Each structure stands twice: as structure tokens, then as C-alpha cells.
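Chemist: I'd like to ask some things about the structure below.
The values are calculated or read from the model by the stated rules, or taken from the named source; none is laboratory data. Small disclaimer: the values here were computed from a predicted structure and weren't measured. FYI the Cβ positions are ideal-geometry reconstructions off the backbone, even for glycines, and counts take in every protein chain you see. Each accessible area value is taken on the protein alone, full model and side chains, heavy atoms only, with ligands, DNA and RNA left out. Shrake-Rupley method; radii C 1.70, N 1.55, O 1.52, S 1.80 Å.
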Amino acid sequence: MTETAGGWLEARLQGEGSPVVIDGGMGTELERSGVAMDEIAWSARAMLSHPDRVRGVHENYIRAGAEVILTNTFSAARHMLEPAGLGDHTIMLNRRAAELALQARDSAALAPVAVGGSICEWVSADNRCWRRAEALADSVREQVEVLAGAGVDLIAFEMCQTLEHSCACIEAALEFDLPLWLGVSARSRPGQGRLPVFDYPAFDFEALVEAVAVYPAMVMNVMHTPVNDIESAVEIVKRAWAGPVGIYPESGLFEAPHWRFIDVIEPEDLADLAQGWVDDRVRL
């Protein structure tokens with residue numbers, strides 16, 4: 001199936017018909033199948049070592065019903081590849097990731113499937129040279145240019161976390177003529193009255209949402225957020241954002257660079273929660 005995203009995706013997100021179903025985690029599926037994770041670049045190295053498995057994960061999600069799949073590029077920007085010794089492969093790895101997703105769509109899709117180019121601002125706290133907003137924006141600009149040139153249908157900005165970095169990276173992504181998804185992430189801590197940003201307990205999630213809500217986007221996706229924090233996070237998003245809302249919940253425990261598959265929500269319980277989210281007009 002080669003039909004790309006167009007009016008159908010926008011119409012569905014805006015409320016026409018059933019909500020859009022997105023895929024699940026790429027790195028978790030690769031690791032569960034035995035693919036080694038890189039200490040810094042996490043699942044990005046799999047494009048070199050196990051490209052067939054990357055394609056296979058995409059195909060499995062499509063066959064399971066995913067209508068949007070995200071490229072394996074969450075950790076494939078230069079600001080993550082260079083510290084991992086893979087900086088010289090940045091363009092090739094992003095192009096390959098897009099090609100693998102597009103090939104999976106061609107081989108597995110029986111209905112329209114959109115391919116989103118995944119980007120993320122995350123950078124390790126000790127990597128000072130890449131923590132400058134200007135440097136991160138340049139890295140994102142390069143990555144989006146490669147993904148756009150390779151034929152993705154949209155850009156999915158995952159895990160907005162710091163005001164300075166998120167705004168700089170969003171503005172860089174908006175230089176390109178592709179729809180943009182915004183992903184925001186929260187995680188509660190014991191004793192904190194306000195919901196904090198996922199990796200930054202001192203940062204207020206509501207302030208972050210209000211800052212990024214001014215940008216034009218197709219959807220704001222509450223993602224990489226523990227299931228128990230979804231309801232509070234969605235309430236905050238809806239106060240600042242009038243557009244479509246998505247949910248991409250997190251379960252299990254991540255201890256970089258590995259996922260520990262413990263305390264994972266049962267599929268039936270997740271389906272019950274998802275029905276409640278749909279009833280609350282969540283569109284992704």
C-alpha cells in the first residue's frame with residue numbers, strides 16, 4: 001500500500017470516524033527480540049546491525065492495526081549519534097530508517113498508513129556541547145531535512161521537555177513543509193503537588209504545555225507518560241490546547257539503555273482505559 005497521509009489523517013484527527021491508531025515502541029520490541037541497545041544511541045544502531053528486524057517491527061505493527069508508524073529515529077539525530085561515535089552515519093541512518101518504514105508500509109499495509117519521522121530533543125545532561133539550544137536546533141533541522149527528503153508524511157516531535165530546547169527544535173522543524181505532531185511527557189513524583197515534566201522533576205508540565213501550545217501542529221500527543229499519569233496530563237493539555245489530543249502511554253521500567261519488562265499493564269486493562277480515552281474525545 002503506497003497511499004500516503006493526506007486529508008484522511010487530518011479528517012480523522014479532527015473527529016471524522018474512529019480515532020487514529022498509532023504504533024507502539026520500536027526500541028522495546030527490538031530489545032525484546034534480542035537486539036542489543038547502544039549505551040548512548042539506544043535503538044539507532046539497529047539500522048546498521050539489524051535492519052530487517054526494524055522493518056519487521058514496522059510490519060508487525062501495521063498488521064496489528066497501526067495506521068501511523070514512526071521511524072526508528074528517536075535517537076538518530078546528530079546530537080545523539082555523535083556522542084555514540086556514529087556522527088558520520090547520521091544522514092545514512094536517518095535515510096535508512098525512513099526507507100525501512102516505507103518498505104514496511106508497501107509490504108504490509110492493506111489500508112492507508114502514514115509514516116511519521118520521529119525526532120527528539122533529548123541529550124544527556126553531561127553533554128554540554130549539545131545542550132545549547134542553537135546546536136540542538138541545527139541537529140533537528142538536519143534530521144528533518146533528511147527525513148522529509150526520504151518521503152515521510154509528517155514529523156513527530158517526541159518528548160518536549162525543556163522550554164528553551166523544545167521551542168528552538170520545534171521552530172527548526174516548522175521550517176519544512178510537513179505536518180508536525182507535538183509530544184509532551186509527564187511523570188509524577190511522590191510529594192509533588194504539580195505534575196512535573198518526565199525527566200525533569202523541577203520543571204512544571206503545565207508551563208511546558210502552555211509554551212508549546214502556541215505552535216501550529218496536527219495533534220498534541222501525551223506520550224512516554226506512565227499510565228497512572230495520563231488522566232492528569234490530558235486535563236492539563238486540554239486547558240491550553242484546542243486541537244486534537246493523542247495518548248501514547250508508557251508501561252514498564254526504563255534503565256538506560258535497557259527496558260525492564262516488569263509491571264507491564266495487561267492488554268485487557270489497557271484496552272479498557274483506551275475506551276475511556278476515546279469516550280473523552282481523544283483522537284490518537
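Chemist: Please compute the contact order of segment 1-129 in relative form: average sequence separation of alpha-carbon pairs under 8 Å and at least six residues apart, divided by the residue count, as a percent.
Modeler: Value for segment 1-129: 33 percent.
Chemist: Rank-order 98-109, 28-39 by packing density, defined as the average count of other C-beta atoms within 10 Å over each peptide's residues, highest first.
Modeler: Most protected by this proxy first, the peptides run 98-109, 28-39.
Chemist: Let me ask another. Could you give the accessible area per residue of the chain, probe 1.4 Å, as a whole number in Å²?
Modeler: With all protein chains present, the chain gives 44 Å² per residue.
Chemist: Can you give me the relative contact order of the chain as a percent, contacts being Cα pairs under 8 Å and 6 or more apart?
Modeler: The value is 17 percent.
Chemist: Which of rounded, prolate or oblate describes the chain when judged by the alpha-carbon gyration tensor and an a/c cut-off of 1.5?
Modeler: The shape class here is rounded.
Chemist: A further question on this structure: Of all trypsin sites (Lys or Arg not before Pro) in segment 242-284, which ones are in loop regions per DSSP and have a Cβ with at most 14 other Cβ atoms within 10 Å?
Modeler: Sparse-neighbourhood loop trypsin sites (Lys or Arg not before Pro): ARG281.
Chemist: Here's something else I'd like to know. How do 73-82, 214-223, 154-163 rank on mean C-beta neighbours within 10 Å, highest first?
Modeler: Highest to lowest by the protection proxy: 73-82, 154-163, 214-223.
Chemist: In the chain, carbon and sulfur make up what percent of the accessible area (probe 1.4 Å)?
Modeler: In the chain, the share of accessible area belonging to carbon and sulfur is 51 percent.
Chemist: I need to check one value: relative contact order of segment 165-265, counting alpha carbon pairs closer than 8 Å and at least 6 residues apart, in percent.
Modeler: For segment 165-265, the relative contact order is 23 percent.
Chemist: Answer rounded, prolate or oblate for segment 147-196, using the Cα gyration tensor with square roots of eigenvalues a ≥ b ≥ c: rounded when a/c is under 1.5, else prolate when a/b is larger than b/c, else oblate.
Modeler: In terms of gyration-tensor shape, prolate.
Chemist: Same structure again: Could the peptides 239-246, 138-145, 183-190 be put in order, highest first, of the mean number of other beta-carbon atoms found within 10 Å of their residues?
Modeler: 138-145, 183-190, 239-246
Chemist: Report, by chain and number, residues whose modeled amide H sits under 5 Å from the one on SER118, excluding near sequence neighbours (fewer than 5 apart, same chain).
Modeler: For SER118, whose amide H was placed from the backbone, the distant partners under 5 Å are THR71, THR73, ALA156.
Chemist: Any chance you could look up the accessible area of ILE247 with a 1.4 Å probe, heavy atoms only, rounded to 10 Å²?
Modeler: In the full protein context, ILE247 sits at about 10 Å².
Chemist: Can you tell me how segment 1-131 classifies by the Cα gyration tensor, rounded, prolate or oblate, using a/c under 1.5 as the rounded cut?
Modeler: In terms of gyration-tensor shape, prolate.
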